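K.L.:
One structure, pasted below without further comment.
The values are calculated or read from the model by the stated rules, or taken from the named source; none is laboratory data. Keep in mind it's a predicted model, so treat the numbers as computed, not measured. Cβ placement follows ideal geometry from the backbone for every residue including glycine, while neighbour counts extend to all protein chains displayed. Side chains are part of the model used for accessible areas, which takes the heavy atoms of the whole protein and leaves out ligands, DNA and RNA. Shrake-Rupley method; radii C 1.70, N 1.55, O 1.52, S 1.80 Å.
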Amino acid sequence: MQPVPNLSLTQVAPLNWHPDVLVLVAALTIGYLYAVRRIGPYKVAAGTPAVTSKQMTWFFGGIAALFVAAWWPIHDLAEESMFTFHMIEHLLIGLVVPPMLLLGTPRWLAELAVENPRVLRVVQRLSRPVPAFFFYSLILVGIHWPAVNELMVKSDVAHFLIHAVFFTSAMFMWMPVLSPLPAVPRISPPAQAFYLFLHSIIPTVPASFLTFGTKPIYEIYETFPKLWGFDTITDQTVAGLIMKLVAGL
């Protein structure tokens, strides 16, 4: 077997500014600041802050996590080098960004987002524990299907749309635990614990195939250069371990 060359980051994934990501992050940041400074004061009682410092910290922490997942080098390494980084991208989009954004959203802002009765009905239905559980779980398993993963790697449009659906399912998945909406009440703490425990089990299915696989599941990654002298199987194994340990936690 030929030794795997130990390539540098810039050799594997040259710097890419991703202006679309910069525009998205800027739009979310400006939109949130405008809402809490210009709209919020009219939505809360006099003398009550429209947003707390803790909420702002959570929200901008979520934006930062989204930026890390979608910008260079994580995004580029995920598409041009290693499945390990694709896994990190998925975990950030599904398990880090949504809860932080929900914790950073004031009640009045959440109500403003679902002001349309039809939108509210959809949110209420998809935020129930059972629909939310199956919606997120099906998407989670689906995006790790080899054909779907290969499509994401080959098409930027498909990558964006599939991740958008995954992010949406994750937002609904977190609602029973972190909902800022009175119209979508959080379930009781014991139910939350059981609900999250069930979610910790689902990732073990694709994680097991990745961790214990002896052949490459995602053949397209065999054609990519790797960091740290990893080969395809090592990359696949590490990705599976990250999914099992982090998603389980």
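K.L.:
Write out, first by first residue and then by second, each pair whose Cβ atoms fall under 8 Å of each other, whose residues are 6+ apart or on separate chains, and whose first residue, in region 18-39, is free of Cβ contacts under 8 Å to residues at least 12 places away in the same chain and farther than 12 Å from Leu109 by Cα while the second is open to solvent by 90 Å² or more (accessible area, probe 1.4 Å) and part of a helix (DSSP H, G or I).
P.N.:
Hits for this filter: zero, empty list.
K.L.:
What number of residues within region 113-167 are β-branched (Val, Ile, Thr) and free of Cβ contacts under 8 Å to residues at least 60 places away in the same chain?
P.N.:
9
K.L.:
Further question on the same structure: What number of residues within region 9-66 are polar (S, T, N, Q) and under 30 Å from Leu227 (Cα atoms)?
P.N.:
The qualifying residues number 3.
K.L.:
Restricting attention to region 1-14, and to residues there that are in contact (Cβ under 8 Å) with a residue 12 or more places away in the chain and assigned to a helix (DSSP H, G or I), which single residue is most open to solvent (accessible area, probe 1.4 Å)?
P.N.:
Out of the qualifying residues, it is Gln11.
K.L.:
Report, by residue number, each residue of region 199-221 that is in a loop (DSSP other than H, G, I, E, B) and open to solvent by 30 Å² or more (accessible area, probe 1.4 Å).
P.N.:
If the condition is that a residue be in a loop (DSSP other than H, G, I, E, B) and open to solvent by 30 Å² or more (accessible area, probe 1.4 Å), then Ile202, Thr214, Lys215, Pro216, Ile217 are the ones that fit.
K.L.:
OK, next. Looking at region 15-26, which of the residues that are part of a helix (DSSP H, G or I) and open to solvent by less than 60 Å² (accessible area, probe 1.4 Å) is farthest from Ile93 (Cα to Cα)?
P.N.:
Going through the qualifying residues, I end up with Ala26.
K.L.:
Out of everything in region 35-51 that is aliphatic (A, V, I, L, M) and not in a helix (DSSP H, G or I), what residue ends up being farthest from Ile93 (Cα to Cα)?
P.N.:
Ala46
K.L.:
Of all helices (runs of 4 or more DSSP H) completely enclosed by region 52-171, which ones contain at least 3 residues that are open to solvent by 20 Å² or more (accessible area, probe 1.4 Å), out of contact with any strand residue (DSSP E or B) (no Cβ under 6 Å at 6 or more places or on another chain) and among the small types (Gly, Ala, Ser)?
P.N.:
Filter on region 52-171 gives 53-70.
K.L.:
Within region 156-170, how many residues turn out to be among the aliphatic types (A, V, I, L, M), touching a helix residue (DSSP H, G or I) at 6+ places or on another chain (Cβ under 7 Å) and within 15 Å of His86 (Cα to Cα)?
P.N.:
Number satisfying all stated conditions: 2.
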